[in-house]
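FYI, it's all coordinate maths here, none of it is from the lab. Keep in mind that this is a model prediction, so the values were computed, not measured. Cβ: placed from backbone, ideal geometry, glycine included. Neighbour counts: every protein chain shown.
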Amino acid sequence: KQEVTQIPAALSVPEGENLVLNCSFTDSAIYNLQWFRQDPGKGLTSLLLIQSSQREQTSGRLNASLDKSSGRSTLYIAASQPGDSATYLCAVSGTDKLIFGTGTRLQVFP
Amino acid sequence: NAGVTQTPKFQVLKTGQSMTLQCAQDMNHNSMYWYRQDPGMGLRLIYYSASEGTTDKGEVPNGYNVSRLNKREFSLRLESAAPSQTSVYFCASSPVRVEQYFGPGTRLTVT
């Protein structure tokens, strides 16, 4: 059974820092991996999707990498801003279903 | 293009009452999903529909039923609500094996 773990569970940093959020999964037979952002009381917003054949994806200040063989993905946030404060979730897909981690709650203070 | 919409946004039920959560998408996606989100548990899949006319159980289907009414709509029904079903419910849709798009959620409290 696929299990997804995110470390750390919470993170508080000053504005301007570069951040790395970690996601690990137990079964490397995935089809893709998706990173989401969730603001308090809101739904999920897709940030990046990495297909299993890809190593990384970039969008603005965000970069996500995927290492299937080691069962790991990282989300790199450059030059963090207070507006980046949210919970970040990773999810892996083996077929049509996503298995989610429990998220990293990020707070960026001015 | 509204994406994925869910109704209602909030609902309070008494134990034993029934209700249906509605979800619709206007992106012509084949697959639709229902999740619940609980503190410390992350999102868990309740049911999904890979295409119109098909539904399958997810990780936590007990106490729920679903209907894929047409390609656009996928409803979730609680026949006899229990306090353990207090949660935030999210609907999502996707083309096959591509990224999923989520609705804003329904906050359900069962007393």
10 Å binning of all Cα-Cα separations within the protein assembly as shown, expressed as whole percents from 0 upward: 8, 33, 35, 19, 4, 0
Cα convex hull of the range A:62-110, projected area averaged across orientations, nm²: 4.2 nm²
Where the Cα pairs of chain A fall when distances are cut into 10 Å bins, in %: 16, 50, 29, 5, 0
DSSP-loop trypsin sites (Lys or Arg not before Pro) across the range A:43-110, with at most 15 other Cβ within 10 angstrom: A:55, A:61
Calculated FRET value between residue A:67 and residue A:13, using beta carbons and R₀ = 22 Å, to 0.05: 0.35
Computed E for residue B:84/residue A:58 - FRET, C-beta separation, R0 35 angstrom, nearest 0.05: 0.25
Computed magnitude of the charge dipole of the protein assembly as shown (debye, nearest 20; Cβ of K, R +1, Cβ of D, E -1): 360 debye
Cα centroid separation - the range B:72-111 against the range A:66-102, whole Å: 22 Å
If the convex hull is drawn through the Cα atoms of chain B, its volume per residue in Å³: 90 Å³
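Report the relative contact order of chain A, percent, no decimals, based on alpha-carbon pairs under 8 angstrom and at least 6 residues apart.
37 percent
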Length released on extending from residue A:26 to residue A:109, taking residue separation times 0.36 nm less the Cα-Cα span: 26.5 nm
Test item: Cα-centred dipole of chain A, Lys/Arg +1 and Asp/Glu -1 on Cβ, debye: 160 debye
